[in-house]
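Have a look at the structure below before the remarks.
The values are calculated or read from the model by the stated rules, or taken from the named source; none is laboratory data. Because the structure is a prediction, the values reported are computed rather than measured. Glycine gets a Cβ as well: all are built from the backbone with ideal geometry, and neighbour counts include every protein chain shown. Each accessible area value is taken on the protein alone, full model and side chains, heavy atoms only, with ligands, DNA and RNA left out. Shrake-Rupley method; radii C 1.70, N 1.55, O 1.52, S 1.80 Å.
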Amino acid sequence: MGYDFDLIVLGAGSGGVAASRRAALHGARVAIVEAGRVGGTCVLRGCVPKKLLMYAAQYGDAMAEAAGYGWQVPIDVPAFHMAAWQAAKTAETARLEGVYRALLSEGKVELIAGHARFVDAHTIEVNAQRLSAANFIIATGASPVRDSIAGIASCPTSDDLLDLTALPAQAAIVGGGYIAVEFASMLARLGVHVTLLFRDRLPLRGFDEDLRTRLALALTQAGVELRPGQAPTRIAGSAGAWRLALPGSDTLEVPWVLNATGRRPNTAALGLAVAGIGSDAKQAVRVDARCRTEVSHVYAIGDVTNRKNLTPVAIAEGRAVADGLFGQEVAPPDLDRVASGVFSLPPIGTVGRGESELLAGGARLRVYEADFKPMRHAFTGRPERCYMKLLVDDASDRVLAVHMLGADAPEIVQSLAVALTARATKAHFDATVAVHPTAAEEFMLMRTLKRRAG
C-alpha cells in the first residue's frame, strides 16, 4: 500500500525526536506530531529546569559554607529571587526548544502541530486531517496524576512549581517519590518551610533501603518536616489557603501545596483501542522487549510504557526501534543496568537493583559499605555524610549494583555503570588504583566485607 509516511512519531519529546531523526537518517519519510512545545517534559518542565533549580539551591549552601574556608561573608543575609531565576530558565528552555526544532528541520522530519488520534491501525487524525504510515512510534510521555486524592486536582504540580516567580514561605509536598524529595530538598534550601507527607514509612519506595534511610535523615537535617504515613485523605481550598485533612483527625493548613503523587502515561486520547493497541491498568502501552505493541507495526517508547521512566532510556529505545525498522537491528537497552540519579541535596546515584530486591530474586550477596563525612565538610561543621554501597554476587564475584548518596553521586555512578555493563567483578574494583583525595576512591577501597546476605 502507499502510505503518506514510512513512520509517524507521536510526541516530540527527547525520545520521539531521537527516533524520528534516526529514521530520517536511514532515508525514511518521517513525520512527528506534537500538540505542545517541542522538547517534551525533560527539556521544558522536567530534568533540565529542575537541575537548574538545584544549582540555585546549591549556591545557598556554598555561601553558608564559605566562612569555614576563610571567606569574609557579608553581614546582610543573601536573598534568592525566584523571578530572576524564572527569567533565566524561560530563556534557556526557549533556546533548547529552538535547538530541537532546528534538529527536526535539518533532519528532514516533518513537524505537525496538533493532537493525534488513531482512526485505524495505519491512520491517525490530526486537526481533522488524516495521515497514514507504514509504522508508528508512540512517544507521548506522561503527565502528573491529578486524581490520587480527593481535592488534589486543583493543586499545583511540578510543572507549576517551575513556572513560579515567587516562592511561598511554607509549602506541603504530597508524595514520597523522586520528584517530591528533589523539590523538598531544593525548596528548603531556598528558604521555604517544607512539610513532606507520604504514605510509606520512608521516602523513595523502590530504592535501596539504606539509601532511603539516609536520605530521610538528610532531608530532616535540611529542615524538611517528614510526615511518614500521613498522606492527606482530602485537600480543600485554593491558591494561598489550602487545608489538608490527614489520617485520624489532624489537619494542616498551608499557603501552597505541591502534588507530587506520581505521573500517568499520556494515552487516554490516542484512540489506542480503535487500532488494537493494548494498555494496562495504569494506561501504559503494553510492549515487548523490543518496544513493539500488540500491533506489529506500532511501537511505544519512554514514559508512555511506564517501564524505566528516564530520558536516556527513551532516546535509546527510540533509536533502537528506528534502526531496526530502517537500518540494522540493534539490541534495546538493558533496563536492569540503567544508571539513574535523584537530584535531591545531597543527590543519589544508583545502578542495579536494591539489596532487598536482589535477595527476593534468590541472589546470595556480599555487601560492602562506606559511610563517612566528606572532606569538604571538614571546616564547615555541616552534618552531611556520604554513603556508598556495593552489592556483589557471592558466587561469581560480579558487582551487581552500585548505590551512593552524596555530592556528585550521579556523576560518579554514571562512570561506574560502564563497569557493570562490562560485568566487572569486585576483584576488578580492588585492582583499580584510586584517585586521591576523592570521594569516588572509596568504591575502590571497600576491602572489608560488611555482611553476607541471602
Query raised in the report: How do the pairs read when you match residues in region 20-41 that are within 12 Å of PHE5 (Cα to Cα) with residues anywhere that are open to solvent by 10 Å² or more (accessible area, probe 1.4 Å) and assigned to a strand (DSSP E or B), using Cβ under 6 Å and keeping only pairs 6 or more apart or on different chains?
Result: ALA28/ASP6; ARG29/PHE5; ARG29/ASP6; ALA31/PHE5; ALA31/GLU110; ALA31/ILE112; ILE32/LEU111
Query raised in the report: Is it the case that VAL174 is open to solvent by less than 10 Å² (accessible area, probe 1.4 Å), under 22 Å from GLU384 (Cβ atoms) and among the β-branched types (Val, Ile, Thr)?
Result: no
Report summary line: Exactly one of MET404, MET375, MET388 is at pLDDT below 95 and closer than 30 Å to TRP71 by Cβ, and that one is MET375
Query raised in the report: In this structure, is ASP163 open to solvent by 20 Å² or more (accessible area, probe 1.4 Å), among the acidic types (Asp, Glu) and in contact with a strand residue (DSSP E or B) (Cβ under 8 Å, 6 or more places away or on another chain)?
Result: no
Report summary line: Conditions (1) in contact with a Phe, Trp or Tyr (Cβ under 6 Å, 6 or more places away or on another chain); (2) more than 23 Å from THR233 (Cα to Cα) -> GLY176 fails only (2)
Requested in this report: Could you please tell me which pairs satisfy a Cβ distance under 6 Å, a separation of 6+ or placement on different chains, a first residue in region 220-239 that is over 14 Å from VAL254 (Cβ atoms), and a second residue that is part of a loop (DSSP other than H, G, I, E, B) and at pLDDT 95 or above?
Outcome: PRO228/ARG201; ALA231/ARG199; ARG234/GLY151
Query raised in the report: Got at least one residue in region 261-271 being open to solvent by 10 Å² or more (accessible area, probe 1.4 Å) and free of Cβ contacts under 8 Å to residues at least 60 places away in the same chain?
Result: yes
Query raised in the report: So how many residues does region 212-242 have that are under 25 Å from ASP147 (Cα atoms), open to solvent by less than 70 Å² (accessible area, probe 1.4 Å) and β-branched (Val, Ile, Thr)?
Result: 1
Query raised in the report: What number of residues within region 19-39 are open to solvent by 10 Å² or more (accessible area, probe 1.4 Å) and either outside any loop (DSSP other than H, G, I, E, B) or among the acidic types (Asp, Glu) (or both)?
Result: 5
Query raised in the report: Quick one: is VAL274 open to solvent by 40 Å² or more (accessible area, probe 1.4 Å), aliphatic (A, V, I, L, M) and in contact with a Phe, Trp or Tyr (Cβ under 6 Å, 6 or more places away or on another chain)?
Result: yes
Query raised in the report: Applying the selection to region 87-104, what residues are polar (S, T, N, Q) and free of Cβ contacts under 8 Å to residues at least 12 places away in the same chain?
Result: THR90
Report summary line: Of (1) outside any loop (DSSP other than H, G, I, E, B); (2) touching a residue at least 40 places away in the same chain (Cβ under 8 Å), ALA289 satisfies every one except (1)
Query raised in the report: Can you name every residue in region 402-454 that is in a strand (DSSP E or B) and either closer than 26 Å to ARG376 by Cβ or of a type in the set (D, E, K, R) (or both)?
Result: VAL402, HIS403, MET404, LEU405, ARG451, ARG452
Report summary line: Scanning region 69-109 residue by residue, those modelled with pLDDT under 95, among the aliphatic types (A, V, I, L, M) and in contact with a helix residue (DSSP H, G or I) (Cβ under 9 Å, 6 or more places away or on another chain) turn out to be VAL73
**Report entry** LEU204, sole failed condition from (1) among the hydrophobic types (A, V, I, L, M, F, W, C); (2) closer than 18 Å to ASN309 by Cβ; (3) out of contact with any strand residue (DSSP E or B) (no Cβ under 9 Å at 6 or more places or on another chain)
**Finding:** (3)
